[in-house]
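Report on one structure; see the data block that follows.
The values are calculated or read from the model by the stated rules, or taken from the named source; none is laboratory data. Note that the structure is predicted; figures quoted are calculated from it, not measured. For neighbour counting, all protein chains shown are included, and Cβ atoms are generated from backbone atoms with ideal geometry for every residue, glycine included.
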Amino acid sequence: MTRLTRREFLRTSGRSAGLGLLAAAGVAGCAPALKGDFAPKTGRRVVVIGGGWGGATAAKYVRLGDPSIEVVLLEPNRRFVSCPFSNLVLSGVRSIDSLTFGYGGLRGHGVRILHASASAVEPDARRVRVGEGYLQYDRLIVSPGVEFQWEQVDGLAAARDRVLHAWKAGPQTVDLARQLEAMPDGGVFVLTVPPVAYRCPPGPYERACQVAFYLKTKKPRSKLLVLDANANVVSKAGLFRAAWKDYPNLEYRASNKVVKVDPSTREVTTELGDRVKYDVVNLIPPQRAGTIAVQADLVGADKRWCEVNHLTYESAKHANVHVVGDSTIGLPVPKSGNIANAMGKICAVAVVHLLNGKEPPPMAPGNTCYSWVNDREAIAVVNAYKVEGGKVVQIEQKLTPGQSAEWAQNAVGWATGIWQDILG
Ligand SMILES: Cc1cc2nc3c(=O)[nH]c(=O)nc-3n(C[C@H](O)[C@H](O)[C@H](O)COP(=O)(O)OP(=O)(O)OC[C@H]3O[C@@H](n4cnc5c(N)ncnc54)[C@H](O)[C@@H]3O)c2cc1C
């Protein structure tokens, strides 16, 4: 059952709307059910779905832009776990705790956080359903990340608990690290890469580096086999291929889309019909926009990703509903945390302008993406964009000349800064 947390709401309940929330939701009781209009709107309100990279940023920046606007953030998880740097948990270089943060900073900005899932969006009525109740909004920002297309790999839906993706940082990341640790020396670790578009284009190849590094140092007789659905390494290809020269234990097979998994025989099958045995498998499934975005009819003709206005991130399908982060498509930008953070800020500025009857300024996102190739060196790509004719277009892309410890230091600086920007 959906539960309001009394302490969290009390912390942000200085204004009458917050008190209304508490009273209407019956927070004084132990297990309040959310029914009807459980938090009647008293002023302008923005509801944000999803407290990840895009949503948490947007929630904070709406409050920073205009503290008279009430912001309610819906996020089922009580802690934010960063996907960036989570591949380092597999190699033992970082702990999951070092990537886990609370939402106290957002509360400090007056964001009201309800640890619950949005179950539906009703754009015509401008409300979001939560449990048996609903929240009204003036503007809605949706940032639910990705959902997996389980049905695209035969046998995967039934084996979800054992065949791990670890593509949403958290318990699965820790479990996959344990499976790797428990694998006998001489074993085969199979990592599968889904077809584009998926969350974090370089992520699987960074993961390959971390697993290969771990095996090289801890289980030297073991092997990593990367089965890639794509025709080539999708991002930073030359840099990753150069890094892999240090890993003779890594075998990379392009155009090897995995279509079936059978945990009883520990085998995956590729589209080509090849059957590959594994000791540990990390199957990253094909992806689409988060379920709520699909249910709310925000996805385009491909039924996977959401089309948005490039200046405001307002949905191409529903007015007053904005979409940011990995759920979007239509921009020449990758599905990255850096971009989700940038979109969250630009969208927040647009929403504040629109709610104040002003025209939003054109703002382009930027992207810097680091990938760790061992325990102390990283590579990076930087993308610059501009807004032209109402669309975001790429100006240039620059890659680091090679891998280095300096880039790894920059990566730590980037992560520390952006976590603070989102949640601090
Ligand atoms: C292994 C890995 C490494 C990565 N490394 C990098 C990197 O180095 N640099 C980089 O820039 N990016 C990286 N990324 C990508 C980055 O994590 C994502 O692009 C980013 O998280 C996208 O932000 P988002 O807000 O769209 O989704 P998320 O951050 O996933 O947030 C979505 C949130 O929505 C919530 N939610 C979903 N449905 C509902 C609902 N119905 N109601 C309420 N809440 C809901 C979820 O609980 C979740 O908290 C990496 C990703 C992975 C997997």
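So here's what we get for this one:
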| quantity | calculated |
| --- | --- |
| Region 331-362: number of residues that are surrounded by fewer than 17 Cβ atoms within 10 Å (Cβ to Cβ) and assigned to a loop (DSSP other than H, G, I, E, B) | 7 |
| Given (1) assigned by TED's automatic domain parsing to the domain that holds Leu88; (2) closer than 30 Å to Ala242 by Cα; (3) crowded, with 21+ Cβ neighbours inside 10 Å, number of the condition Cys369 does not satisfy | (1) |
| Condition met for Tyr134 (of a type in the set (Ser, Thr, Tyr) and not in a loop (DSSP other than H, G, I, E, B)) | yes |
| Of all residues in region 281-326 being of a type in the set (D, E, K, R) and farther than 25 Å from Arg45 by Cα, the one that is surrounded by the fewest Cβ atoms within 10 Å (Cβ to Cβ) | Lys303 |
| Residue check for Ala231: under 19 Å from Asp375 (Cβ atoms) and touching a residue at least 12 places away in the same chain (Cβ under 8 Å) | no |
| Unmet criterion (only one of (1) modelled with pLDDT of 95 or more; (2) within 16 Å of the ligand (Cβ to nearest atom); (3) over 30 Å from Val211 (Cα atoms)) for Asn320 | (2) |
| Residue, nearest to the chain's Cα centre (by Cα), within region 45-88, restricted to residues that are more than 8 Å from the ligand (Cβ to nearest atom) and among the charged types (D, E, K, R) | Arg79 |
| Subset of region 159-176 (residues that are touching a helix residue (DSSP H, G or I) at 6+ places or on another chain (Cβ under 9 Å) and under 17 Å from Val226 (Cα atoms)) | Leu164, His165, Ala166, Trp167, Leu176 |
| Failed condition for Val382, given (1) surrounded by fewer than 23 Cβ atoms within 10 Å (Cβ to Cβ); (2) assigned to a strand (DSSP E or B); (3) within 12 Å of the ligand (Cβ to nearest atom); (4) touching a residue at least 24 places away in the same chain (Cβ under 8 Å) | (4) |
| Lone qualifier among Val130, Val153, Val190 - being under 23 Å from Pro40 (Cα atoms), of a type in the set (Val, Ile, Thr) and out of contact with any Asp or Glu (no Cβ under 7 Å at 6 or more places or on another chain) | Val130 |
| Top-ranked residue in region 344-371 [being in contact (Cβ under 8 Å) with a residue 40 or more places away in the chain and within 17 Å of Gly417 (Cβ to Cβ); ranked as farthest from the ligand (Cβ to nearest atom)] | Lys345 |
| From Ala231, Ala208, residue being out of contact with any Lys or Arg (no Cβ under 6 Å at 6 or more places or on another chain) and part of a helix (DSSP H, G or I) | Ala208 |
